[in-house]
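Chemist: Pasting a structure below so you can have a look.
The values are calculated or read from the model by the stated rules, or taken from the named source; none is laboratory data. Not measured: the values here are computed from a predicted model. Cβ: placed from backbone, ideal geometry, glycine included. Neighbour counts: every protein chain shown.
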Amino acid sequence: MADNNLRAASSTASREALGQSERFLEFQERLSQVAPVDRPVLLIGERGTGKELAASRLHFLSRRWEGPLVTLNCSTLSPTLIESELFGHEKGAFTGAEARRKGRFEAADGGTLFLDEIGAIPLEAQEKILRVVEYGSFERVGSSLPVEVDVRIIGATNADLAAKAERGEFKPDLLDRLSFEVLFLPPLREREEDIMLLAGHFANRMAFELGRQALPVFSAKATVALENHDWPGNVRELKNVVERSVYRADAEEIDEIDFDPFRSPFSPARALPQADKLVEAAVAVEKEVTPLPQAVAELEIRLLRQALQESRFNQRKAADLLGLSYDQLRGLLRKYRREL
């Protein structure tokens with residue numbers, strides 16, 4: 001058991017987020033300081049900042065490192081299922097409960113329970129969690145017998161729990177109990193010195209996965225692009241961007257960085273002037289030699305012909321190109337049916 005956990009601790013250390021920036025090192029120092037203190041910790045951070053890795057490091061640096069580390073993503077469960085998942089249930093407690101089942105609290109006994117997206121837990125379940133924090137006991141769903149456990153809770157969220165408590169969406173008493181220490185994970189945009197360090201790490205690992213012999217390098221152009229991106233998805237986004245760039249590259253040097261894989265390679269349809277701008281365009285083009293009504297008519301006919309040709313005479317598409325409704329287009333076609 002101890003050997004398995006030691007290997008797990010080593011694996012966690014090897015895959016945890018890398019960094020040398022002041023922000024990163026400050027966070028790691030605070031995390032190491034609170035890890036041995038057997039109290040709840042809240043991890044607050046944007047998506048992709050590595051909250052699960054931080055929780056894992058907290059566990060393996062604690063005195064509970066030989067015990068289990070159990071994880072539950074609270075946002076993936078419906079309110080009707082989360083109590084059963086957390087506290088377990090007795091046989092026959094509800095439809096489908098064919099046997100007694102232990103919950104995550106029992107599974108984490110003697111170790112750590114990591115509740116990811118803790119702000120998504122419904123109030124009813126929060127009440128039972130509060131009891132576990134205060135008294136170390138709970139009842140399974142469908143039972144009145146207490147179950148005693150010794151569990152350290154680590155919660156993580158990107159929500160403002162204090163604001164949720166003010167709105168009545170999170171129990172203030174539970175928030176008080178869970179916030180012995182609150183650690184804010186720094187977003188990647190605040191860790192400028194770490195961007196290329198992480199990029200190189202992800203690039204080398206991707207090249208190895210692809211079976212390439214040479215290690216990839218980033219051109220000056222690519223480096224500038226990476227360092228100046230805002231990284232709203234943080235380290236997870238950086239990993240995806242770098243791995244995609246490495247696999248697409250034909251040479252060792254990475255020059256092109258694609259931040260948006262959803263950008264279409266096809267040109268959008270050319271928009272034609274809208275009908276309400278026809279008069280203005282006609283005046284600008286024909287005002288010196290052609291009476292205004294005639295210029296407007298000629299311009300409308302020319303644009304109608306162009307739209308019909310580009311849409312292959314699909315009238316609804318032609319209306320879209322002209323910025324007209326289908327009925328407006330039909331009106332113009334009737335008006336100029338002889339000229340067209």
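Chemist: Which of the residues spanning segment 149-178 are of a type in the set (Lys, Arg) and in contact with a strand residue (DSSP E or B) (Cβ under 8 Å, 6 or more places away or on another chain)? Let's see the steps before the verdict.
Modeler: Within segment 149-178, the first condition is being of a type in the set (Lys, Arg), and the residues that meet it are 152, 164, 167, 171, 177.
Selection gives Arg152 alone.
Chemist: Checking Gly155 against (1) in contact with a Lys or Arg (Cβ under 8 Å, 6 or more places away or on another chain); (2) closer than 21 Å to Ala35 by Cβ, only one condition comes out false. Which one?
Modeler: Going through (1) in contact with a Lys or Arg (Cβ under 8 Å, 6 or more places away or on another chain); (2) closer than 21 Å to Ala35 by Cβ one by one, Gly155 breaks only (1).
Chemist: Hey, another quick one. Give segment 121-168 a look and list any residue that's surrounded by fewer than 18 Cβ atoms within 10 Å (Cβ to Cβ), within 21 Å of Thr76 (Cβ to Cβ) and among the small types (Gly, Ala, Ser), or say none.
Modeler: Matches in segment 121-168: Ala159 only.
Chemist: Looking at segment 220-228, can you tell me whether even one residue there is farther than 30 Å from Asn158 by Cα, exposed (fewer than 15 other Cβ atoms within 10 Å of the Cβ) and at pLDDT below 95?
Modeler: Yes: segment 220-228 contains one or more residues that are farther than 30 Å from Asn158 by Cα, exposed (fewer than 15 other Cβ atoms within 10 Å of the Cβ) and at pLDDT below 95.
Chemist: Which numbered condition in (1) in a helix (DSSP H, G or I); (2) in contact with a helix residue (DSSP H, G or I) (Cβ under 9 Å, 6 or more places away or on another chain) is the only one that Phe170 fails?
Modeler: The number of the failed condition is (1).
Chemist: Still on this model: Would you check which residues across segment 120-148 are part of a helix (DSSP H, G or I), within 20 Å of Leu69 (Cα to Cα) and touching a strand residue (DSSP E or B) at 6+ places or on another chain (Cβ under 7 Å) and list them?
Modeler: Those that are part of a helix (DSSP H, G or I), within 20 Å of Leu69 (Cα to Cα) and touching a strand residue (DSSP E or B) at 6+ places or on another chain (Cβ under 7 Å): Val132, Val133.
Chemist: Output the residues belonging to segment 207-247 that are without any contact (Cβ under 8 Å) to a residue 60 or more places away in the chain and basic (Lys, Arg).
Modeler: Arg212, Lys221, Lys239, Arg244
Chemist: May I ask you to say which residue of Ser14, Ser21, Ser10 is hydroxyl-bearing (Ser, Thr, Tyr) and either outside the structural domain of Val182 (by TED's automatic domain parsing) or modelled with pLDDT of 50 or more (or both)?
Modeler: Ser21
Chemist: For segment 50-84: of the residues being touching a Pro at 6+ places or on another chain (Cβ under 7 Å) and modelled with pLDDT under 95, which is nearest to Arg30 (Cα to Cα)?
Modeler: Ile82
Chemist: Next question. In this structure, is Pro146 over 19 Å from Phe24 (Cβ atoms), out of contact with any helix residue (DSSP H, G or I) (no Cβ under 8 Å at 6 or more places or on another chain) and not assigned by TED's automatic domain parsing to the domain that holds Leu238? Show your work before the answer.
Modeler: Numbers: over 19 Å from Phe24 (Cβ atoms): yes; out of contact with any helix residue (DSSP H, G or I) (no Cβ under 8 Å at 6 or more places or on another chain): yes; not assigned by TED's automatic domain parsing to the domain that holds Leu238: yes.
Against the criterion (over 19 Å from Phe24 (Cβ atoms), out of contact with any helix residue (DSSP H, G or I) (no Cβ under 8 Å at 6 or more places or on another chain) and not assigned by TED's automatic domain parsing to the domain that holds Leu238), Pro146 qualifies.
Chemist: Moving on. Considering (1) modelled with pLDDT under 95; (2) assigned to a helix (DSSP H, G or I), say which one Gly96 fails and leave the rest.
Modeler: (2)
Chemist: A further question on this structure: Take the residues in segment 243-257 that are among the acidic types (Asp, Glu) and surrounded by 11 or more Cβ atoms within 10 Å (Cβ to Cβ), then tell me which one is farthest from Ser219 (Cα to Cα).
Modeler: If we filter segment 243-257 for residues that are among the acidic types (Asp, Glu), which is where we start, we get 243, 250, 252-253, 255-256.
Subset that is surrounded by 11 or more Cβ atoms within 10 Å (Cβ to Cβ): 243, 252-253, 255-256.
On the way: Glu243: 15, Glu252: 10, Glu253: 6, Asp255: 5, Glu256: 9 Å.
Ranking the qualifying residues of segment 243-257, first place goes to Glu243.
Chemist: If I filter segment 154-163 for residues that are in a helix (DSSP H, G or I), assigned by TED's automatic domain parsing to the domain that holds Glu46, out of contact with any Pro (no Cβ under 9 Å at 6 or more places or on another chain) and in contact (Cβ under 8 Å) with a residue 60 or more places away in the chain, do I get at least one hit?
Modeler: Yes, that holds for at least one residue.
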